[in-house]
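This report refers to the structure that appears directly beneath it.
The values are calculated or read from the model by the stated rules, or taken from the named source; none is laboratory data. Owing to the predicted nature of the structure, the values given are computational and were not obtained by experimental measurement. Neighbour counts are summed over all protein chains in view; Cβ atoms, including those assigned to glycine, are modelled from backbone coordinates with ideal geometry. Heads up: the accessible areas ignore ligands, DNA and RNA and are worked out on the full protein's heavy atoms, side chains in. Shrake-Rupley method; radii C 1.70, N 1.55, O 1.52, S 1.80 Å.
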Amino acid sequence: LKMIRLSSSIGRASSFFVRRLSSTGVQPLVVEKQKFPSKEDHYAIIRMTRAPANLFDQLQADSLTKALQEIETDNTIRGVILTSAIPGFFSGGIDLKMFMGGDDEWLHFWDTTRNLVLKIHQFPKHIAAAIPGHCPGIGAGIVFACHSRHMLQGKFRLGLNEPAIGLPVPEWLGDLCVNTVGQRYAERLLPIGRQLVAEEAEKILMVDSSHSSVEEVEAAALKSLESAISVPDFARRTTLEYLRAPFAEKMIGHREADMNAAARAKKDPVVIKTLQAVYQQIKGKKAEK
């Protein structure tokens, strides 16, 4: 990856960075650094840009990890809005090509994705997810790991849909859902892979707010950042650390077991058949367009 600094006149942006794989020109995300409206402090907006649905592959996971690493060490940035530049999608989940590839590539990707979600969950600066569209699977996991969530109303759905296509929800993704909506609602949603539209999600606190336009979604995410930085960083960060420690400790402690489960899934005939069917269905829809 290489980073190219460009000037910007968009809104209050002082600068933004385009991250891309130099050999192919693929641009998985854009990061903008902006000033808060009424403060001298700055925040970052990460916009995922991988058409058509921000599917997560190795480059996408690596790029988002790298962006967060840089933001974490930039003391002039006090919060992050994570969103999408693709209309109708926050993220469509995992790119199934990762599963269809070699064993080593799959396991490296799965480990990278676990580490990315854990990094978001433990991030010392407030991350607000602005969700402008559909968000199933690992996209939902990333959203659940954020500190606040704000979603566009309409036909768009959020949730862990794995059982709906015939697969169990990975334990750590299920844990994130429980932490977000509570045990009872998780038990209603996860076993059947049910996803919710914004208004439904807001009622059970899966999201903090729902809105009728993308602009309102991002404005709500910004408001949540302003609320977070209104208290001393040390007090907010230390409190969140112990509140979120049980999930982090479990995820770290269960890494070997989860990686072994991912390796078994790669060779499981039922999993392979299920994902191949889903993959062919997606390819068929693309061909129709």
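Quick one: which strands (runs of 3 or more DSSP E) sit completely within the stretch 121-173 and have at least 2 residues that are more than 28 Å from Val270 (Cβ to Cβ)? Fully inside the stretch 121-173 and qualifying: 126-131, 148-152. Residues in the stretch 250-274 that are open to solvent by 40 Å² or more (accessible area, probe 1.4 Å), of a type in the set (A, V, I, L, M, F, W, C) and more than 20 Å from Glu105 (Cα to Cα): Ile252, Val270. Considering the stretch 66-79, and only residues there that are open to solvent by less than 30 Å² (accessible area, probe 1.4 Å) and without any contact (Cβ under 8 Å) to a residue 60 or more places away in the chain, the residue that is nearest to Trp172 (Cα to Cα) turns out to be Leu68.
The test for being open to solvent by 40 Å² or more (accessible area, probe 1.4 Å), modelled with pLDDT of 95 or more, among the aliphatic types (A, V, I, L, M) and touching a Pro at 6+ places or on another chain (Cβ under 9 Å) does not hold for Val169. Within the stretch 28-62, being basic (Lys, Arg) and crowded, with 23+ Cβ neighbours inside 10 Å holds for one residue alone: Arg50. Is at least one residue of the stretch 91-103 open to solvent by 30 Å² or more (accessible area, probe 1.4 Å) and closer than 13 Å to Ile142 by Cβ? Scanning the stretch 91-103 turns up at least one residue that is open to solvent by 30 Å² or more (accessible area, probe 1.4 Å) and closer than 13 Å to Ile142 by Cβ.
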